[in-house]
1. If one puts a single equal scatterer on every Cα of region 24-109 and applies the Debye formula without solvent, what log₁₀ I(q)/I(0) results at q = 0.13, 0.17, 0.22, 0.26 Å⁻¹?
2. Quick check for you: which residues of region 160-175 have the amide N under 17 Å from the point 7 Å beyond the Cα of residue 145 toward its beta carbon?
3. Just want to confirm a number: the relative contact order over the chain, from Cα pairs under 8 angstrom separated by 6+ residues, in percent.
4. What is the extension gain from residue 237 to residue 273, computed as 0.36 nm multiplied by their sequence separation minus the C-alpha to C-alpha distance, in nm to one decimal?
5. For region 27-43, in order, what is each residue's ³J(HN,Hα) by Karplus, 6.51 cos²θ - 1.76 cosθ + 1.60 with θ = phi - 60°, in whole Hz (x at glycine and Pro)?
6. Once amide H atoms are built 1.01 Å from N in the peptide plane, which residues 5 or more positions from residue 59, or in another chain, come under 5 Å H to H?
7. Taking only DSSP H segments of four or more residues, each worth -39500 (n - 2.57), what value at 222 nm results for the chain once the sum is divided by all its residues, to the nearest 500 deg cm²/dmol?
8. Could you please state, rounded to a whole Å, how far the C-alpha centre of region 143-158 is from the C-alpha centre of region 61-116?
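Only the coordinates and a few stated rules stand behind these numbers; no lab work does. Quick caveat, the model's predicted, so the values are computed rather than measured. FYI the Cβ positions are ideal-geometry reconstructions off the backbone, even for glycines, and counts take in every protein chain you see.
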Amino acid sequence: MQAITVQDRHAGVAGMTLRDMPHPHAAENDVIVRVHAAGFTRGELDWPGTWADRAGHDRTPSIPGHELSGVVVELGYGTTGLSVGQRVFGLADWARNGTLAEYTAVEARNLAPLPADVDHTVAAALPVSGLTAWQGLFDHGRLTTGRTVLIHGAAGAVGSVAVQLAREAGARVIGTGRASGRDRALALGVGTFVDLRTEKLEDAGRADVVFDVIGGEILDRSAALVRPGGTLVTIAEPPTVHPEDGRVVFFVVEPDRARLADLAARVRDGRLEPLVSDVRPLAEAPAAFAEHTPGRTIIRVTED
């Protein structure tokens with residue numbers, strides 16, 4: 001099969017190559033998915049799991065990408081809950097070969113059924129952004145109706161989903177980001193938008209939940225914006241500054257089949273729209289890694 005691979009950790013994007021790779025093997029509780037569309041995270045070439053398995057053994061050449069939408073073509077021993085020919089989407093394991101390939105092996109529990117009327121390219125943009133937004137706001141941030149949430153990067157891939165979910169939950173939303181994202185953030189339901197380049201973050205006011213995707217100085221300054229009893233949630237890095245009278249949570253997104261199904265239903269019903277900026281063929285995946293867009297670039301691997 002054709003796949004994008006990496007072999008030299010120090011080469012970065014320049015070391016990404018389209019090549020022939022062996023067809024994946026379905027281990028116990030796995031399925032083999034013919035990938036129609038795949039998503040990736042630009043920073044994953046720096047992740048340990050891209051280069052080594054869970055035991056620390058080198059596994060190069062490895063295939064990056066961890067989001068996928070496609071069709072089940074093979075079931076591993078003991079696999080239940082999915083069937084051959086079924087449309088699915090979800091997350092591949094961080095320390096196994098990923099989704100920038102024509103076929104990939106995925107644990108069945110990490111996949112959810114995909115409704116027939118949701119396009120593969122939209123579905124492939126949903127797992128990381130959707131699950132990260134949900135887990136950050138509700139599982140870790142404990143956001144409820146009537147509360148205020150401040151979302152950094154409100155017009156970006158994760159932030160834009162978080163804004164939509166928070167608004168539907170009845171929360172008041174403050175958004176931050178670049179000036180170019182102001183109109184989109186306001187259209188999604190942000191009540192107040194702060195341009196981080198030209199306006200003072202502190203003027204945004206205090207919030208019950210602050211959801212950070214940026215890290216660094218912005219994360220440090222955000223601690224002071226958390227109301228007493230509130231929560232600072234970040235996916236960027238372990239924080240060094242804590243709210244004076246509140247909680248702080250750093251987390252990495254986890255697979256969740258039931259939540260994926262719920263997010264897909266929201267997309268199908270028009271209540272949620274993941275931000276897809278571009279769709280590229282598999283051969284252009286290395287170039288897509290090197291570009292920075294406000295939303296997700298999705299790799300079209302197989303035509304429907």
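1. -0.38, -0.64, -1.00, -1.26
2. The answer is 165-173, whose backbone nitrogens lie closer than 17 Å to the label point.
3. Dividing the mean separation by the residue count of the chain yields 19 percent.
4. 10.3 nm
5. 6, 4, 6, 8, 10, 9, 10, 7, 7, 9, 8, 9, x, 9, 10, 4, x
6. 52, 53
7. -5000 deg cm²/dmol
8. If you average the Cα positions of each part, the centres end up 30 Å apart.
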